[in-house]
Amino acid sequence: MSMGKPMANYAAAKRVGDFVFMSGVVAVDPATRRAVAGYDAIPEEARTALQSVGYATGQMSVDVFEAPIVAQSWFVLERIRQIAAEHGGTMEDVVKLVQYFRHLPHYAFYNRVRGLFYPGEPPVSTVVEVSRFLPGDEVLVEVEATMYLPRTAFSSSPSST
């Protein structure tokens, strides 16, 4: 599965000084232009990680309700991790997340998935409920991120003794 670039005409991220601002990420596969709908749309290693926090149980009666938000949560956070890496950072450098949900109770599922990406202290966070997302109603979560990545300061002047 390709997590690719944005499907519209905007930058996935932009560096401004010591900050990298990431556009909102939704769980839509750019190759198919379809929202992630379940565990079969994410890699096996993701399903294994999700099992470690009680998801991807293999029980249809449970997974059918949890899979869309849990798989989308993993997809979005993994894409943010990839964008951070493309700019030379890690999830530890991603210091602020703004999380938008179609259904606020989905935050509980997302929060547990977020713990896989932030095993220590979570970042500064804002949670908002919205009525809908582009590209369609099957999208349940969107996350925008801010990364702090200080540039290494080089002195061009000789040191004095």
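The values are calculated or read from the model by the stated rules, or taken from the named source; none is laboratory data. All figures in this text were calculated on a predicted structure; none of them were measured in a lab. These accessible areas exclude ligands, DNA and RNA; they are computed on the full protein's heavy atoms, side chains included. Shrake-Rupley method; radii C 1.70, N 1.55, O 1.52, S 1.80 Å.
How much length is gained if the chain between Q59 and L104 is pulled fully straight, taking 0.36 nm per residue apart and subtracting their Cα-Cα distance, in nm to one decimal?
Length gained between Q59 and L104: 13.8 nm.
Taking Cα atoms, how many degrees apart are the long axis of helix 107-117 and the longest axis of the chain, rounded to 10 and kept between 0 and 90?
Roughly 50 degrees between the two axes.
Dividing the Cα convex hull volume of the stretch 75-153 by residue count, how many Å³ per residue is that?
100 Å³
Quickly estimate the mean residue ellipticity at 222 nm for the chain, helices only: each DSSP H run with n ≥ 4 gives -39500 (n - 2.57), and the total goes over all residues, rounded to 500.
For the chain, the value works out to -9500 deg cm²/dmol.
Taking the Cα atoms only, what angle lies between the long axis of helix 60-86 and the longest principal axis of the chain, rounded to 10 degrees?
For 60-86 against the chain, the angle is about 10 degrees.
Using the Kirkwood radius built from alpha carbon pairs, what does the Stokes-Einstein equation give as D for the stretch 75-115 at 20 °C and 1.002 mPa s, in µm² per second?
191 µm²/s
Per q in 0.13, 0.14, 0.15 Å⁻¹, report the Debye log10 I(q)/I(0) for the chain, using one uniform scatterer on each alpha carbon and no solvent.
Per q value, in the given order, log10 I(q)/I(0) is -0.61, -0.69, -0.79.
Calculate one ³J(HN,Hα) per residue across the stretch 15-29 by plugging θ = phi - 60° into the Karplus curve 6.51 cos²θ - 1.76 cosθ + 1.60, and present them in order as whole Hz with x for glycine and proline.
Per-residue couplings from phi come out as 8, 9, x, 8, 10, 10, 9, 9, 5, x, 10, 10, 8, 10, 6 Hz.
Considering only the chain, what is the antiparallel percent among its DSSP beta bridges, to the nearest 5?
Within the chain, antiparallel bridges account for around 75 percent of the total.
Mind checking the per residue accessible area of the chain for me, 1.4 Å probe, whole number of Å²?
Result: 57 Å² per residue.
In whole percent, and with a 1.4 Å probe on the protein chains, what portion of the accessible area of the stretch 16-161 is carbon and sulfur?
55 percent
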